[in-house]
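Please treat every number below as a calculation from the coordinates, not as lab data. Quick caveat, the model's predicted, so the values are computed rather than measured. Counting neighbours? That spans all protein chains shown, and the Cβs are built from the backbone with ideal geometry, glycine included.
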Amino acid sequence: GLIGDRAGLPMVFAAIAALFWWNQGKARAEALVPRIQTLAAQGKYSAAYLLAKQARRHLAEDSAFRTAFTDVTNEISVTSEPPGARVYIAMFGDSTVADSSDGTLIGTTPVRQYVTARGDYRVVVNAPGYDPARRIASRFLTPSEGLSATSRSIALDVRLSRTGSVPAAMVAIPGGQY
């Protein structure tokens with residue numbers, strides 16, 4: 001009896017410690033929500049997003065947090081013809097990314113609901129044998145671009161031009177309403 005009872009004690013202590021650690025993390029995450037809201041109200045979406053990423057695992061089901069998270073994020077989706085093209089993004093004004101750089105690789109098409117800080121992004125889509133396509137992803141462009149100022153979702157459908165199919169010193173501009 002006595003040895004058997006003591007053998008389970010470390011497991012009990014470990015479970016209690018884990019529960020305490022999780023609750024502490026949740027309390028810290030809850031304390032971030034007002035700061036996230038303040039930063040969002042000031043238009044400081046990148047800073048708010050960094051805090052929201054920290055709080056997300058603890059507060060994913062919290063309605064106040066979900067509202068704040070939606071306010072400070074974009075969801076970018078990109079499809080292409082041909083599929084399988086690489087997609088890069090860079091936030092306008094981000095001094096850590098050179099203007100000559102394509103930005104950060106976020107995946108290959110189709111990219112579905114890539115979550116990032118709210119803002120305006122330059123998007124580069126490229127595939128071997130095709131000229132790179134450059135687009136702007138913003139919550140504030142017209143609905144004719146598949147975007148809505150009130151929605152966090154941004155959807156881009158990109159048709160790539162075969163290398164050499166666009167005359168030198170010219171750029172292909174996609175048709176449609178602007």
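If you average the C-alpha positions of the range 110-134 and of the range 32-89 separately, how far apart do those two centres end up, in angstrom?
Going from one Cα centre to the other spans 17 Å.
How much length is gained on full extension from Asp120 to Glu61, taking 0.36 nm per residue of separation minus their Cα-Cα distance? List each step's numbers first, then the result.
Working: separation 59, 0.36 × 59 = 21.24 nm, distance 2.75 nm.
Full-extension gain reported as 18.5 nm.
Quick one: what does P(r) look like for the range 68-129 with 10 Å bins over all Cα pairs, in whole %?
Answer for the range 68-129: a P(r) of 23, 49, 26, 3, 0 percent.
Can you give the extra length, in nm with one decimal, that the chain gains between Thr163 and Gln54 once fully stretched, where that is 0.36 nm per residue apart less the Cα-Cα distance? Could you put the intermediate results ahead of the total?
Values: separation 109, 0.36 × 109 = 39.24 nm, distance 4.25 nm.
Net length gain for the segment: 35.0 nm.
Pairs of Cα atoms under 8 Å, at least six residues apart: use those to get the relative contact order of the range 60-146, whole percent.
Numbers: 138 pairs, mean separation 26.8, N = 87.
Relative contact order here is 31 percent.
Amide H neighbours of Ile106 under 5 Å, counting only residues 5+ apart in sequence or on other chains, H built in-plane at 1.01 Å?
When sequence neighbours closer than 5 places are left aside, the close amide H contacts are Val87, Tyr88, Ile89.
Show me the chymotrypsin sites (Phe, Trp or Tyr not before Pro) within the range 69-132 that DSSP assigns to loop and that have at most 15 other Cβ atoms within 10 Å of their Cβ.
Working: sites: Phe69, Tyr88, Phe92, Tyr114, Tyr121, Tyr130; in loops: Phe92.
Sparse-neighbourhood loop chymotrypsin sites (Phe, Trp or Tyr not before Pro): Phe92.
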